[in-house]
Amino acid sequence: MSRRRVGSIFVVAAVALATGFLVAGQVKVQLLTPSNQVARYQALVRSVQELEASNAQSRLKIAVLRSQIDALEAAAAQRSAATQALQSQVADLRLHAGLTPLHGPGVEIDIANGVPGADSGGEVGYLVNFKDVQDLVNLLVANGAEGIAVNGRRITPLSAFSGSGGQVIIDQGPPVSAPIMVLAVGDRLRMEAALGDPSGLPDIRAREVQYQLQISFRGRPDLALPAYDSSLDTRHVGTL
Amino acid sequence: MSARYRNRAGGRVLGVWLIALLVALVATVQIRSQVEVERSFAGTDTASLAFLIDNLHRANDSLQAETADLMQRQLTLQSGSDTAADQVLTDEATRLRAAEGLVPVHGPGVVLVVSAAGLQALDLQDALNNLAVGGAEAMSVNDRRVVLGVPVQQTPGGVTIGGVQVQPPWTISAIGDANRLAQAADLMTQQMRADRRVRQATYRVEADLVIRAIVTERPFVYGS
């Protein structure tokens, strides 16, 4: 074998070794980092799922306990007129607080995501967000709603709305996202008029045009709202 | 063509195939990895997930506290005594009257003062919602009690609460967990100060804040 040929074999071997190191480095950077991201993300998702399962169990337990307490109170009310009067007062207060199911005439509002604009960049204006639900609930309250439920979650006097992006968190419930159905029992005609008023819900109306956000409503002769199944927290409040 | 030449050519083809196979393997792993990242990140980012987890932890703690409270109430009722039943019902009525804004209340909390021109009902609704998210259990604005059933509306004359005009400056009182409310108030006042319409936005924490304003209960006409 000539010296020239041995030299060329060494050059090829060196180039192959360098290429191997480069490929290994690239694989480490390009493959392992996303894999770690996925693992981290999946761990977060698993946490959310476990917490949501625990949340659902607690809410179910609360609903069962409230129903059992109702039965015990009713039994106690049969034994004394004073207890019966108290139970009647509490029943009325629970009705107003959203702790018991409610039915009556009302409106059903459906709101769904629009489409992302071509030049929207990272904006999420096409998604239904918690402020949309908050605005809708406030509009209904101001126009004769006596009880409201959002995707089956009953609104109470202490309800709060939060969330990020297209997620809507109501009180202690798990997040809900579009399509969202709002049911409101109350003065159906007033609520329909308010929902049909083009000057109401200005932000939603603007995004209806910009992102084709979809909102529709229809009056219903008899709607049924579920009872609130979470905590009505008043631990820090004392009466005077 | 000699046998030696055919063997060399066959070896080259095998080498090319091996390299092609390796490249295809690496490319497939790379593409699948990226697709998985994109698919799992669709819709929700990690910051939103962290926010969700924090919120669910707090929510679950609150639900567990409510469960413990209900179980205690159930035990008391199961004792079978009329006095015990009356006490449970009286306590429940008091709690609900406070939640519905039907009685004056007191407790720890924060007081925000917002001096501004041009703020709308939507701004006030946002502020009240932020405090509710921050754990407010009772609120008032300029001595008008606010719960979710009380309409906060925009009129030509300004913002009204339950049909009564509330002129700025707004003094917003909120009773609840003072630490959480202070965090919410701090963030809110910072954001408000960045708003050109706001002249001044301050808050203070109070150990025992009193809200005397009450809401008059509206009888239900349509729902039953």
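The values are calculated or read from the model by the stated rules, or taken from the named source; none is laboratory data. The structure presented is a predicted model; accordingly, all values stated were derived computationally and were not measured. Cβ: placed from backbone, ideal geometry, glycine included. Neighbour counts: every protein chain shown.
Among the criteria (1) facing chain B (nearest Cβ under 8 Å); (2) buried (at least 17 other Cβ atoms within 10 Å of the Cβ), the one A:Leu240 does not fulfil is (2). Given (1) β-branched (Val, Ile, Thr); (2) surrounded by 21 or more Cβ atoms within 10 Å (Cβ to Cβ); (3) within 27 Å of the chain's Cα centre (by Cα), where does A:Val124 come up short, assuming only one miss? Result: A:Val124 passes all but (2). The residue list B:Ala121, B:Ala116 contains one member that is more than 7 Å from chain A (Cβ to nearest Cβ) and more than 22 Å from the chain's Cα centre (by Cα), which is B:Ala116. With respect to (1) buried (at least 16 other Cβ atoms within 10 Å of the Cβ); (2) at the interface with chain A (Cβ under 7 Å from one of its Cβ atoms); (3) closer than 17 Å to A:Ile62 by Cβ, the lone exception for B:Val88 is condition (2).
Going by the structure shown, is B:Val103 facing chain A (nearest Cβ under 10 Å), over 24 Å from B:Leu187 (Cα atoms), surrounded by fewer than 23 Cβ atoms within 10 Å (Cβ to Cβ) and over 20 Å from the mean Cα position of the chain (by Cα)? Against the criterion (facing chain A (nearest Cβ under 10 Å), over 24 Å from B:Leu187 (Cα atoms), surrounded by fewer than 23 Cβ atoms within 10 Å (Cβ to Cβ) and over 20 Å from the mean Cα position of the chain (by Cα)), B:Val103 qualifies. Candidates B:Arg180, B:Arg196: the one that is out of contact with any Cys (no Cβ under 7 Å at 6 or more places or on another chain), outside the structural domain of B:Thr94 (by TED's automatic domain parsing) and either closer than 22 Å to A:Val237 by Cα or of a type in the set (Val, Ile, Thr) (or both) is B:Arg180.
A:Gly98 meets each of the listed conditions (1) touching a Lys or Arg at 6+ places or on another chain (Cβ under 7 Å); (2) more than 9 Å from chain B (Cβ to nearest Cβ); (3) at negative phi apart from (3).
Out of A:Ala91, A:Ala76, one residue alone is at pLDDT 90 or above, surrounded by 16 or more Cβ atoms within 10 Å (Cβ to Cβ), touching a Leu at 6+ places or on another chain (Cβ under 9 Å) and at negative phi. It is A:Ala76. The single condition among (1) modelled with pLDDT under 85; (2) at the interface with chain A (Cβ under 7 Å from one of its Cβ atoms); (3) over 32 Å from the mean Cα position of the chain (by Cα) that B:Ala24 does not meet is (2).
Mind checking whether some residue in the stretch A:28-44 is under 37 Å from the mean Cα position of the chain (by Cα), exposed (fewer than 13 other Cβ atoms within 10 Å of the Cβ), more than 8 Å from chain B (Cβ to nearest Cβ) and modelled with pLDDT of 90 or more? No, every residue in the stretch A:28-44 fails to be under 37 Å from the mean Cα position of the chain (by Cα), exposed (fewer than 13 other Cβ atoms within 10 Å of the Cβ), more than 8 Å from chain B (Cβ to nearest Cβ) and modelled with pLDDT of 90 or more.
The sole residue among A:Val176, A:Val141, A:Val150, A:Val182 that is modelled with pLDDT under 95, farther than 16 Å from A:Asp222 by Cβ and more than 10 Å from chain B (Cβ to nearest Cβ) is A:Val176. Residues that are over 19 Å from A:Leu51 (Cβ atoms), under 30 Å from the mean Cα position of the chain (by Cα) and more than 7 Å from every other protein chain (Cβ to nearest Cβ) within the stretch B:64-78 comprise B:Asp69, B:Gln72, listed in sequence order. A:Gly196 meets each of the listed conditions (1) in contact with a Gly (Cβ under 6 Å, 6 or more places away or on another chain); (2) surrounded by fewer than 20 Cβ atoms within 10 Å (Cβ to Cβ) apart from (1).
Could you say whether any residue in the stretch B:208-221 is free of Cβ contacts under 8 Å to residues at least 12 places away in the same chain, assigned by TED's automatic domain parsing to the domain that holds B:Gly135 and of a type outside the set (Asp, Glu)? Within the stretch B:208-221 (the criterion being free of Cβ contacts under 8 Å to residues at least 12 places away in the same chain, assigned by TED's automatic domain parsing to the domain that holds B:Gly135 and of a type outside the set (Asp, Glu)), the answer is no, since none of the residues qualifies.
Conditions (1) at pLDDT 95 or above; (2) surrounded by fewer than 22 Cβ atoms within 10 Å (Cβ to Cβ); (3) in the same structural domain as B:Ser62 (by TED's automatic domain parsing), marked per residue:
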residue	(1), (2), (3)
B:Val111	yes, yes, no
B:Ala116	no, yes, no
B:Val141	yes, no, no
B:Thr171	yes, yes, no
B:Ala184	yes, no, no
B:Thr202	yes, yes, no
B:Val205	yes, yes, no
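In the stretch B:171-191, the condition of being free of Cβ contacts under 8 Å to residues at least 60 places away in the same chain and not in a helix (DSSP H, G or I) is met by no residue. Among the numbered conditions (1) under 27 Å from A:Thr234 (Cβ atoms); (2) in the same structural domain as A:Asp203 (by TED's automatic domain parsing), tell me where A:Ala85 comes up short. Result: A:Ala85 fails condition (2) only.
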